[in-house]
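Asks: Sharing a structure with you now.
The values are calculated or read from the model by the stated rules, or taken from the named source; none is laboratory data. Here the structure is a predicted model, which means the values were calculated and not measured. Methodologically, a virtual Cβ is constructed for each residue, glycine included, from the backbone with ideal geometry; neighbour enumeration extends over all protein chains shown.
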Amino acid sequence: MGDQDLPGVLVSGFEGPSGICKDHVGELQKYFNLITVQDLLENKTQVGPKIQAVYIWNRKPAIDQELLQSLPALKIVANAGAGLDHLDLKLIASFGVKVANTPQAVSSPTADMGMALLLAAARRVVEGHQLATSPDTKNFSTNWLGQEVTGSTLGIIGMGSIGYKVAQRARAFEMNILYHNRKRRKSEEEEAVGATYCERLDDLLQRSDFVMLAMSLTPQTQRLIGRRELRLMKPTAILVNIGRGLLVDQDALVEALQTGVIGAAALDVSYPEPLPRDHPLLKLKNVTLTPHIGSATHQARWQMMENLIGSILASLNGLPIPNEVLLK
């Protein structure tokens, strides 16, 4: 624990893959007394009442009823990132606690990652690297081919801030852009990126050369892409997922990739994460996998931290909370 005169903020810890970013600790300690989960577990009676905010980094610490009951002074749960599927928002609200996240900080780097995966899968970059560096390679075949990106059709499922930034980038590649969203965008927003709305998801799947998932995980979107949806896609189509692994029926995806129902997949997310080391997705040449790094840039992570500080301070001072998450 740090300066006892500063507001207490619960963090997962300072070490390991779930710990907060070491580069951020000094900045956070200017404003808060950082209290780890271990500190709390060792002395709930004394430490619990000091905690006014929970700082969630890499989905940790987990928020459950027992934790909420042990923090009588808690005012806000500040979550790094845009996704909220790991939080029970109704439970948190029932304790009179606010929630904030950092959607603006993650939208541009995640859109960049979506395009990187699309390009890598289309041009078989990972396979090409392996071929170029293999000690067994004697020559390069002129008939080793990928898919053209320029002029192709991209279907974006989920046209929020990330999906829209993907569309902006795709337009520079002269792609034809389709999108499916819970709510249609304004006509001027569509025109700005040359996007066409598909009210029916099936239409988008049938027409797209690339399908990109850029939506939140909810009970309604879980396994949105299953065996039926994959069979609607072109046999040359490439599925890109920068949302959450559970948006896709993973068993159906493996089958589709193994049998040529679709051409390839590029995934920044899976379930679980990481996949078991014997998972079939790890053995397929037509799969590009990255370790959930959509927002993993120095700049984005620093902005996320700054946004969380701002939201916590606003909450503690009774001011409007930037990026407050409201129950729908």
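Asks: Give the residues of segment 15-44 that are in a loop (DSSP other than H, G, I, E, B) and either modelled with pLDDT under 95 or surrounded by 14 or more Cβ atoms within 10 Å (Cβ to Cβ) (or both), sorted by residue number.
Replies: Within segment 15-44, E15, G16, P17, S18, G19, I20, C21, Q29, Y31, F32, N43 qualify.
Asks: To continue, here is another question. Let me confirm something: among R301, R244, which residue is within 19 Å of I162 (Cβ to Cβ) and in contact with a Cys (Cβ under 9 Å, 6 or more places away or on another chain)?
Replies: Values: R244 fails: in contact with a Cys (Cβ under 9 Å, 6 or more places away or on another chain).
Only one candidate passes the filter, namely R301.
Asks: Here's another thing I want to ask about it. Suppose the filter is out of contact with any helix residue (DSSP H, G or I) (no Cβ under 8 Å at 6 or more places or on another chain), within 30 Å of A62 (Cα to Cα) and surrounded by 14 or more Cβ atoms within 10 Å (Cβ to Cβ); does N101 pass it?
Replies: yes
Asks: How many residues does segment 149-166 hold that are more than 24 Å from G263 (Cβ to Cβ) and part of a helix (DSSP H, G or I)?
Replies: Selection size over segment 149-166: 3.
Asks: Within segment 277-328, track down each residue that is of a type in the set (A, V, I, L, M, F, W, C) and under 11 Å from A105 (Cβ atoms).
Replies: A300, W302, M304, M305, L308
Asks: Of all residues in segment 145-159, which are farther than 10 Å from I177 by Cβ and among the hydrophobic types (A, V, I, L, M, F, W, C)?
Replies: If the condition is that a residue be farther than 10 Å from I177 by Cβ and among the hydrophobic types (A, V, I, L, M, F, W, C), then L145, V149, I157 are the ones that fit.
Asks: Is it fair to say V99 is over 23 Å from I162 (Cβ atoms) and in contact with a strand residue (DSSP E or B) (Cβ under 8 Å, 6 or more places away or on another chain)? Walk me through how you get there before you give the answer.
Replies: Numbers: over 23 Å from I162 (Cβ atoms): no; in contact with a strand residue (DSSP E or B) (Cβ under 8 Å, 6 or more places away or on another chain): yes.
Taking the combined requirement at face value, the residue does not satisfy it.
Asks: If I ask for residues that are within 18 Å of P7 (Cβ to Cβ) and charged (D, E, K, R), which ones from segment 45-70 would you list?
Replies: Hit for segment 45-70 is K50, nothing else.
Asks: What helices (runs of 4 or more DSSP H) lie completely within segment 46-148 and have 3 or more residues being touching a residue at least 40 places away in the same chain (Cβ under 8 Å) and more than 21 Å from L327 (Cα to Cα)?
Replies: 103-122, 125-133
Asks: With L232, L253, L239 as the choices, which residue is out of contact with any strand residue (DSSP E or B) (no Cβ under 9 Å at 6 or more places or on another chain) and not basic (K, R)?
Replies: It is L232.
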